[in-house]
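First comes the structure, then the notes that go with it.
The values are calculated or read from the model by the stated rules, or taken from the named source; none is laboratory data. Fair warning: this is a prediction, and the values are worked out from it, not measured in the lab. Because the Cβ atoms are built from the backbone with ideal geometry, glycine has one as well, and the counts that use them run over all protein chains shown. Heads up: the accessible areas ignore ligands, DNA and RNA and are worked out on the full protein's heavy atoms, side chains in. Shrake-Rupley method; radii C 1.70, N 1.55, O 1.52, S 1.80 Å.
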Amino acid sequence: MSDHDYTPKSKVGKWFNDRLPLLSLANHLTDYPTPKNLNYWWTFGGILTFCLITQIVTGLTLAMHYIAHADMAFDSVEHIMRDVNYGWLIRYIHANGASMFFLAVYIHIFRSLFYGSYKAPREIIWIIGIIIYLLMMAAAFMGYVLPWGQMSFWGATVITNLFSAIPLVGEGIVTWLWGGYSVDNPTLTRFFTLHYLIPFLILGLVVLHIWALHVPGNNNPVGIDIKKPSKDTVPFHPYIVIKDGFALLMFMIVFAFFVFYTPNILGHADNYIEADPLVTPAHIVPEWYLLPFYAILRSVPDKLLGVVAMLSAILILAALPWLDTSKIRSAVFRPLYKQFYWILVADVLILGYMGAMPAEGLYLLIARVATAYYFLHFLVILPVLGFKEKTLPVPLSITEPVLGGSSNMAAARNKESLKN
Amino acid sequence: MKNLFKIFLVFLFIINFTPLKSAEKVEYLKTDWSFKGLFGKFDRAQLQRGYQVYTEVCASCHSMKYLSYRNLSEKGGPEFSEDEAKVIAASFEITDGPNADGEMFTRPGKLSDKFKKPYENVEAAKAANGGAYPPDMSVLIKARGGGADYIYSLLQGYEDPPMGVTLDDGVYYNKYMYGNKIKMAAPLSEGIVEYSDGTEASVQQMSKDVITFLMWAAEPHLEARHQMGFKAIVYLIILTVLVYFSMKKIWSRVETEV
């Protein structure tokens with residue numbers, strides 16, 4: 001951090017700051033030099049913070065009225081929808097908020113993939129992000145169980161049963177997770193407890209995520225290291241604050257549309273049927289944001305290997321900084337990577353679609369090919385590409401592509417090429 | 001701004017790929033629901049007619065356990081007057097108790113009572129209906145894939161079975177039902193209820209009325225939601241425009257486009 005030398009102007013401020021440097025922190029956050037060429041894909045960090053806070057606040061309110069008991073959970077949700085003042089609004093914000101959260105996080109992750117934000121020196125930021133993403137999936141899954149509808153119950157049954165694939169101890173682990181011999185009241189109460197806990201873990205990790213970000217500073221669309229502060233940067237406040245605010249408002253319009261006009265479209269109708277252990281729904285499907293991984297799980301014929309494949313599909317992302325061997329960060333200067341990037345995007349969307357379809361015939365075949373390609377991208381294409389790809393010349397500073405090279409920059413470039 | 005457009009494209013793409021439209025291939029009957037759309041709301045007279053169909057026809061088998069008689073006079077619903085709702089409630093015998101002697105007793109219903117259930121419990125309901133449980137109707141519209149259109153079609157989808165399809169006793173053929181076999185006999189027939197406002201009680205009219213009533217039962221705050229949604233979105237759009245120009249102004253100090 002570049003602002004150790006900050007001193008508050010007032011005496012009281014100085015006295016306080018010497019004992020707890022909160023004012024220095026505030027000063028750091030407002031002055032934080034940010035690349036001025038960040039595009040709107042960079043606004044999703046702020047949007048995600050908004051999503052997290054929204055989920056926590058609405059979740060706390062719901063928890064005041066919700067009853068975590070197998071006989072009463074469904075009734076208490078209907079009580080919230082009907083008799084709690086604006087309960088319907090709070091619940092619909094919370095339920096659609098989960099989908100909005102994932103929409104934003106997927107954009108955030110794919111932005112990193114495009115601009116190489118995960119590369120040195122930002123590996124730790126990236127890995128913390130992957131942990132946050134895993135916790136989000138756990139929180140979302142357990143949250144979906146709480147209304148105790150048919151999809152809640154059967155989704156919980158399917159997902160917890162995955163652990164039974166573990167050799168020897170699998171069955172024991174599943175019984176331990178359930179707190180009994182099937183998904184029942186003990187499962188619901190512990191899921192509620194964990195669903196309440198995880199957002200605060202995420203909040204803590206978000207602080208670390210931002211802290212780790214503030215050490216090297218933001219990556220940017222050009223993907224080069226920049227001098228901070230310099231002509232290439234702007235202070236976080238007011239420039240980035242207002243830009244993030246503008247993007248957040250656009251996001252909120254979409255959010256509001258879902259909440260007020262199609263609040264149930266992202267959920268499954270079966271979840272308005274109370275959980276019944278004796279009736280299995282025709283198709284058990286997870287929420288849309290888990291579908292790509294569900295497709296990977298089902299495309300492997302062996303149960304254990306399927307679970308391994310699904311977990312690897314997420315964990316492989318943590319190894320990405322080392323799998324991608326290219327020195328150039330931004331896809332803007334990597335013509336081949338750019339194409340493979342879009343193929344990967346299409347691949348993940350196809351996997352998501354196949355996850356929603358029954359696992360049979362052509363659907364299963366496509367899901368298998370897409371699964372194979374997913375791993376091929378990370379394990380073969382990315383490592384090889386770093387050595388084979390002919391990249392485009394990278395500018396030396398953000399201002400250069402705009403202003404054209406000055407004599408200074410030409411000199412700097414010569415120095416750079418001498419070094420290499 | 002070009003990038004924002006791309007965000008919306010990606011977003012639309014994801015929405016189009018949600019799994020929900022996948023399952024059913026049958027074309028449902030369509031009608032002009034008053035509650036659809038940005039300003040969708042309920043027609044009071046239609047909700048009152050729908051309540052009549054529910055209580056005279058459906059309620060003999062289907063419970064509605066999340067509704068109370070007071071809901072009938074609440075804003076956004078059928079909006080019976082409070083006195084009318086009291087009369088409706090009082091027309092039902094509700095079991096209450098135990099009293100001081102430990103006995104259960106019956107009394108006329110009050111506004112705070114839940115809708116009276118046709119059967120004591122699920123088992124009794126099954127026993128009376130050939131083993132099939134008539135589902136609770138409180139959230140039925142939201143609990144079926146096709147929603148209002150599906151149940152509207154189902155009510156009018158009874159046909160003679162096609163050649164080669166044999167039906168057991170107490171099983172009926174319905175072209176919109178999953179698997180085409182349903183244990184509920186066609187509930188509506190021409191003139192089965194008599195509307196006091198003179199509306200003709202055709203099967204189609206009754207279906208439409210009762211589905212509207214069920215929609216309200218499943219989403220009692222739908223009108224408030226639509227009204228608030230419109231205000232919220234207009235507010236957000238105005239604020240977005242203002243913030244956009246503030247942003248332009250602030251960023252005009254640096255020679256970068258936002």
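Out of the range A:60-114, which residues are open to solvent by less than 10 Å² (accessible area, probe 1.4 Å) and of a type in the set (Gly, Ala, Ser)? Hits for the range A:60-114 are A:73, A:76, A:87, A:97, A:99, A:104.
Is it the case that residue A:253 is surrounded by fewer than 21 Cβ atoms within 10 Å (Cβ to Cβ) and at the interface with chain B (Cβ under 7 Å from one of its Cβ atoms)? In short, yes.
Candidates in the range A:212-250 are the residues that are among the polar types (S, T, N, Q) and out of contact with any Phe, Trp or Tyr (no Cβ under 8 Å at 6 or more places or on another chain); of these, the one that is nearest to the other protein chains (Cβ to nearest Cβ) is A:233. Note on the range A:115-149: among residues that are in contact with an Asp or Glu (Cβ under 8 Å, 6 or more places away or on another chain) and hydroxyl-bearing (Ser, Thr, Tyr), the one that is least open to solvent (accessible area, probe 1.4 Å) is A:118.
Looking at the structure I just gave you, is residue B:199 part of a loop (DSSP other than H, G, I, E, B), touching a helix residue (DSSP H, G or I) at 6+ places or on another chain (Cβ under 7 Å) and among the hydroxyl-bearing types (Ser, Thr, Tyr)? Spelling it out, residue B:199 is indeed part of a loop (DSSP other than H, G, I, E, B), touching a helix residue (DSSP H, G or I) at 6+ places or on another chain (Cβ under 7 Å) and among the hydroxyl-bearing types (Ser, Thr, Tyr). Looking only at residues in the range B:222-258 that are open to solvent by less than 30 Å² (accessible area, probe 1.4 Å) and within 20 Å of the chain's Cα centre (by Cα), the one that is farthest from the other protein chains (Cβ to nearest Cβ) is B:223.
Once the range B:128-146 is narrowed to residues that are of a type in the set (Gly, Ala, Ser) and at pLDDT 95 or above, the residue that is farthest from residue B:177 (Cα to Cα) is B:138.
Between A:261, A:294, A:272, A:353, the distinction of being crowded, with 16+ Cβ neighbours inside 10 Å, within 9 Å of chain B (Cβ to nearest Cβ) and either within 17 Å of residue A:370 (Cβ to Cβ) or among the aliphatic types (A, V, I, L, M) (or both) belongs to A:353 only.
Residues in the range B:107-119: is at least one in a strand (DSSP E or B) and away from every other protein chain (no Cβ under 14 Å)?
First, the residues of the range B:107-119 that are in a strand (DSSP E or B): B:107-108, B:114.
Right, trim to away from every other protein chain (no Cβ under 14 Å) and you get B:107-108.
Yes; the residues of the range B:107-119 include at least one that is in a strand (DSSP E or B) and away from every other protein chain (no Cβ under 14 Å).
Please verify whether residue A:29 is over 26 Å from residue A:396 (Cβ atoms), assigned to a helix (DSSP H, G or I), of a type in the set (A, V, I, L, M, F, W, C) and touching a Pro at 6+ places or on another chain (Cβ under 6 Å), treating the condition exactly as stated. No, not satisfied. Within the range B:188-221, the set of residues being more than 9 Å from every other protein chain (Cβ to nearest Cβ), open to solvent by less than 30 Å² (accessible area, probe 1.4 Å) and of a type in the set (A, V, I, L, M, F, W, C) comprises B:188, B:193, B:201, B:206, B:210, B:211, B:213, B:214, B:215, B:216, B:217.
Hey, can you tell me all the residues within the range A:356-382 that are under 30 Å from residue A:122 (Cβ atoms) and either without any contact (Cβ under 8 Å) to a residue 12 or more places away in the chain or open to solvent by less than 70 Å² (accessible area, probe 1.4 Å) (or both)? Spell out the reasoning first.
First, pick out the residues of the range A:356-382 that are under 30 Å from residue A:122 (Cβ atoms): A:370-382.
The answer is A:370, A:371, A:372, A:373, A:374, A:375, A:376, A:377, A:378, A:380, A:381, A:382.
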